[in-house]
Structure formats: C-alpha cells, structure tokens
1. Tell me the angle of helix 178-188 to the major Cα principal axis of the chain, expressed in degrees between 0 and 90 and rounded to the nearest ten.
2. What FRET efficiency do you get for A261 and E99 if R0 is 30 Å and r is their Cβ-Cβ distance, rounded to the nearest 0.05?
3. Would you please name the GluC sites (Glu not before Pro) within segment 1-109 that are DSSP coil residues with at most 13 other C-beta atoms within 10 Å of their C-beta?
4. Can you tell me the dipole magnitude for the chain around its Cα centre, using point charges on the Cβ only (Lys, Arg +1; Asp, Glu -1), in Debye to the nearest 20?
5. Mind checking which of N369, W248, A19 is farthest towards the positive end of the chain's charge dipole, using Cβ charges of +1 (Lys, Arg) and -1 (Asp, Glu) about the Cα centre?
6. Tell me what the chain gives for mean residue ellipticity at 222 nm when only DSSP H runs of n ≥ 4 count, each as -39,500 (n - 2.57), the sum divided by the residue total, rounded to 500 deg cm²/dmol.
7. At what distance in angstrom do the alpha carbon centres of segment 78-105 and segment 298-359 lie from each other?
8. Compute the acute angle (0 to 90°) between the alpha-carbon long axis of helix 32-45 and the principal axis of greatest extent of the alpha-carbon atoms of the chain; round to the nearest 10°.
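Derivation of every value follows stated rules applied to the coordinates shown; laboratory data play no part. Computed from a prediction, not measured in an experiment: that's the story for all the values here. Don't worry about glycine lacking a Cβ; one is built from the backbone with ideal geometry, like all the others, and counts go over all protein chains shown.
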Amino acid sequence: MKKTRHAVQLAFLALTLGAVYLVGANAERWCPFGGVEALYTYAREGNMICSLGTSNFYILGGVVLMTLLARRAFCSYLCPIGAISEWLRGLARRLGVPELRVSGAADRVLGLLKYGVLGVILYFTWRAGELLFRGFDPCYALISRHGADISFWAYVVAGTIAVASLFVTLPFCRWFCPFAAVLHPFSAVGLGRIRRDEAACTACRACAKACPMAIPVDRLVQVTVPRCTSCMNCVDACPSADRGALWWGPAAPRSWKWSQAALIAILLFCATGAVAASYVFPMPSFVKTRGTPPEQPATVELRMSNVHCRGRANYLFYFLNRDDELRLPGYLKVEAWPGPGTADVRITYDPAKTDEEAIKQAITELYYNDFHKRLEHSPFQIEGYDPLGLGRPGLDLDGDPDAGLDFLGGDLPPMPAPPQGKPSEAQRPGMGPGE
Ligand code: SF4
Ligand code: SF4
C-alpha cells in the first residue's frame, strides 16, 4: 500500500516537474491554494490576482470534493511538499536518525499554528490584492523555476522544512501548512474513513505507531479527525487487517484490498474532472466594464500577446479607455484570460457607437507615455492584425516590451495630451490614452 502511494506521489511530482521544466507550463495556475488566495479579489472585482487563472478555482473545487470523499488524501498522495517531506524522513530512518515524536497536547497545540499562518496570509493577500507571500513560498520557487519574485527566504523556508523533516514526521503538513487549515472543515465531514473492528483487533498498537499524524487509531472505532490523510499506513501496519480489524472505506465490505484502488480512483476523478471542467466552462480571469450595456451589444474575440497577468489586462483596458481621437465611445466590457504566450480577450461594445476596427486601433496605436515622456508603440499585438505590415507592432520604439508598465498594480493615472512643441509625430492619433 505504501509502495503504491509512493508511486502515485512520484508520478504526480514527475508530471508537475515535467510540465514545468520540459513544457514550460504555468503550474501556479493549478495550485489549489492559489484559488483560496484569489477568492476575495475575484468576488469583489471579477479579477484574479497576479498571474493566477480561474483554473485555480476549478482545481480548488476538485480538491475540496476529494477531501469530502477521502479526507486529506490530497496531502498524502498529491502534494509535492508532503511527498518530499515524507521521503526525507524515510531516508533519515534508513540512516538510523532517531525520530522526535510529538504527540498528545503538544501536537494539538502546534497544530493550531496553521490557522494563524492561514489567517496572516489571507489577511495581507486579500487586503493588498497581490500574492505578497509568493516570494517566500518554496513550492512556488520549484514550480516557477525560481520565478522573478522569489526571495532568498523561500530557500530558507525550504531548507528549514527539509532539515525538520529528517527528525520529525511531516512537520510542515501537521503544524504549518495553511492549505491543511483550509481543508480541515471539509475533512471533518469527509465520508471515507479508517474503521476498526474491536472484535478482530488484538490491541497491538501497531496502527497508532505507524500513523504520521499521531492519531490514536487503536482507541478509535472510526477515524473522523480532520487531520487524517487517508494514507493507510495504519492499515499497512496492522497484522490483523486480513481478518478485518482495520480498513478504509464504508462499513462494509470490511476489506482493505480494494480500498486503495477506490481512493486513487476518487483522486483521479476529482483532479481530471476539475481540469476538464476548467476547459469546458472557461471563466475569464479578468473582467472590467465601463458604462451601461446597450440593448444589443456586439462582441469581438481576440487573441493577443503580452497579456500575461492582471496588471497587463488592466493596462489593456487603459488603452481601450484612452481619451484621444481613438477613444471608444459608449459601453465597454473586457473579459480576458491572461497567460503566457497568447491570451484570449473578449471585448463587448456598443455597435451603434463603435466597431471592431476602432477597437483594434485603440489597442495597437501609438500613445504618449507621460511617465517616460515619450511616444511608444502599444505593447500589445493582436493575432492576425498588422494593418501597416510592420511585422512586430507590439514592440516599444526603444525595443522595451515592458514600456509604460510602471503603472501596473493599481488604477492607472490619466495620461494628458503631450505638451506643446512635441515633434509632428506626436500629433498623430493615439498619443494619449487616459480618462
Ligand atoms: S489514521 Fe491511518 S490513514 Fe489516517 S493519517 Fe493515520 S495512518 Fe494515515
Ligand atoms: S494495528 Fe490492527 S490489531 Fe493492532 S491495534 Fe491497530 S487495529 Fe488493532
């Protein structure tokens, strides 16, 4: 059983690392905790924070469903931190490093820390509308290939967890993991559970000794505590499991033999179902509107480059909201799916006041960047739209594709028209987006 579980852990870790390091996938968009961090901002503004996508919500839903069915099985089968931490303790055990066992009241008190960690993270993240703790997250350091905002402290945290894992079983998962705190209310009412038949049990205590979460399995008829990860180490260790002393699943049949296969099927169903649902029912990660919708609005769907995060999508809206000759009159609604490479953007407008061509012009025409005091090309390219045949209209005049992005992260300030005496180029349409 343990070998099968380790194989699942290894396969999932390999899948994640392969997707990140070989395919260049943005694994952050599949982090269920990202869904928790983004909930408040999405509910309030309709926007995901930073480069998270609504796929984070789908995968969060999938993990919640698997927790309702199989408790914290996500932690023991799929989480990379849990897997690496468990393997490190296994290695230390083989090398003869003694275990520092923490159970009883000390374990329960330490277990409360994760709620504090969760509270601090959510308070500051929701207040700022940014992933403020991302730079400290060892998991993000791994899946982002040392992303731009990773700090030295992420490696300090990773090293601390790794060293602690050599002496203590799953210290982070038991005491500090904020996602475990999120899962606990769902795990508390989880259907799948370890069951013990007192008549067949010999009271040898092997199950309790094998439990990484320090649960006194030998004294319970059903394990309903939320911290159970359904790892089945207890069943593995039970010498009377074949006689029906201990098993995972419903009250009958009392067999452990099929239970792990059923549990893995549940995990696969929930994970693949969440991924499939995110593709079948895609929700925009960014929504911003201006004005009152007309009775008969029109919509244009565009594929665009350089819309890879919420800040960029905000910047796109800023272009559409420009106040020069290219200003788009009437209602505007921008729905975007920001991401690396080419992003999908849907723009809804009033066809009685503007049209598709005007929208494309507003997005791609020159503008006057008051911050840099210069004319710049738009950083955005629309797939298949290159009216002047420039080839790469998305580049800044100085070759800086990030030009003008110093405004990102908040409401963009109005950009005034250029001062008198600018070169004649500055008199062209498109020199000053803003309110
Ligand atoms: S009670 Fe059994 S299944 Fe639950 S965490 Fe402990 S060993 Fe794993
Ligand atoms: S390991 Fe099995 S037999 Fe021993 S106490 Fe636990 S349930 Fe009973």
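1. On a 0 to 90 degree scale, this one is about 60.
2. Values: r = 30 Å, r/R0 = 1.01.
The pair A261/E99 has a calculated efficiency of 0.50.
3. Working: sites: E28, E37, E45, E86, E99; in loops: E99.
Those satisfying the criteria are E99.
4. On the way: 43 positive and 38 negative charges, 604 e Å.
Here the size comes out at about 2900 debye.
5. Looking along the dipole axis, the top candidate is W248.
6. Numbers: 15 runs with 179 residues, N = 435.
Mean residue ellipticity, 222 nm, calculated: -13000 deg cm²/dmol.
7. Taking the Cα centre of segment 298-359 as reference, the centre of segment 78-105 is 51 Å away.
8. The helix 32-45 is inclined about 40 degrees to the chain.
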